[in-house]
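The values are calculated or read from the model by the stated rules, or taken from the named source; none is laboratory data. Quick caveat, the model's predicted, so the values are computed rather than measured. All Cβ positions, even for glycine, are placed from backbone atoms using ideal geometry, and neighbour counts span all protein chains on display. The area values use the complete protein model at the heavy-atom level, side chains included, leaving out ligands, DNA and RNA. Shrake-Rupley method; radii C 1.70, N 1.55, O 1.52, S 1.80 Å.
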Amino acid sequence: MRAAVLAEYGEPLEIQSVDYPEPEPDQVVVETEACGVCRSDWHAWQGDWGWVGAQAQPGQVLGHEPAGVVSAVGEDVETLAEGDRVTVPFHLADGSCRHCRTGRANVCETVVPLGFTSIAPGAFAEAFPVREADFNCVKLPEDVEFAEMAGLGCRFMTAYHALADRADLRPGDRVAVHGCGGVGLSAIHIASALGAHPIAVDVREDKLERARELGAVDAVNAAEADNPASEVKALADGGADVSIDALGIAETCRNSIGSLGKRGRHVQVGLTTGEEGGEVSLPVDAMTMQEIDFRGSFGMPLVRYEELFRLIAEGTLEPSKIIGERLSLEELPETLAAMDDYGTIGIPVVTDF
């Protein structure tokens, strides 16, 4: 089968012929119908994240935002059958650790990131295997298309968990979103849909315009502002209640914290690049005196999919609005490279394998 393979860091992904996967007893094989192209794939392509033990190695098939159809079922799998339409979270859990047993599988003790390690080949391929499939595969509603669901495996569900669970979002909250890529635009849409007042921050006017279309009540062009955090504070009547760093560079992290009013909640979603290496200095004295919270957010617990699907069925959330261009596998390497300069808008999705 065909797959997009990381041949060398920073060099174009190679479209290669690789073996079609055979399921282990606990696995299913999913034929890929759609897979989002995420900035996390860009990080893998750059060779980032060795400092957290998640550096993809050359030879890795990338891709971690899939939706597809089960094509083969391992002998121990009980709840899935060939033909089932599924999505898969990027954080494949073991289903048995204390976090999995208490509804927090996103922080599983032995989490395996899809598409970042050889034991979990990714979904930039015609098919991919899923470990502990009974636990990790989420059946899709029949009335949604695969491309709409592709972003649910990472960016859309990550934004939902960050806002609804980690930020304790309340109607009327003023929410600053720093970085309007796929996860940032998802956060803008979700915040607006849940009754908050999102303020978009980015360096590109086209992304800010897309954010306005998705519900941003105000926008700050960080490339033109002398102090983006101060501009957000002025727009938010003294400071945001919630602020999200959806990018993961030192500047956006500090600007996010600086955007908050007293007792504000900062949520860190973006992971850092090689420049930061996982470390960012913060104004801890000011955070202490203003009782500002710093909260990390990683993916979304599997138990939250039911609510997410309900909100989508009701029309409250519309992940299709975040979808950008639809690609063939051959177009993927160029699209990934465009993320060097933040050149994609929304969630690009590979739909032609």
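In table form, for the structure just shown:
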| read-out | value |
| --- | --- |
| Contact order normalised by residue count of the chain, Cα under 8 Å, 6+ apart, percent | 19 percent |
| The range 111-194: GluC sites (Glu not before Pro) in DSSP coil with no more than 13 other Cβ atoms inside 10 Å | Glu142 |
| Peptides ranked, highest mean first, by Cβ atoms within 10 Å: ranges 290-296, 199-205 | 199-205, 290-296 |
| Around Gly103: net Lys/Arg minus Asp/Glu count, Cβ-Cβ under 15 Å | 0 |
| Reference-scaled alpha-carbon Rg (2.2 N^0.38 Å with N residues) for the range 153-262 | 0.91 |
| Cα gyration tensor shape for the range 282-347, rounded if a/c is under 1.5, else prolate or oblate | oblate |
| Anisotropy class of the range 1-117 from Cα gyration tensor, a/c 1.5 cut | oblate |
| Dimensionless Rg ratio for the chain, taking C-alpha atoms and the 2.2 N^0.38 Å reference | 0.95 |
| Residues of type lysines that Lys207 reaches as a straight line, Cα spacing below 26 Å, ignoring anything fewer than 8 places off in the same chain | Lys233, Lys321 |
| Kirkwood hydrodynamic radius of the range 26-89, Cα pairs, Å | 13.4 Å |
| Order by protection proxy (mean Cβ within 10 Å, highest first), peptides 34-45, 273-284 | 34-45, 273-284 |
| For the chain, size of Cβ-based charge dipole, Lys and Arg +1, Asp and Glu -1, in debye | 1360 debye |
| Sequence of Asp94, Asp143 from largest to smallest accessible area, 1.4 Å probe | Asp143, Asp94 |
| Shape category assigned to the range 235-310 from the gyration tensor of Cα positions, a/c cut at 1.5 | oblate |
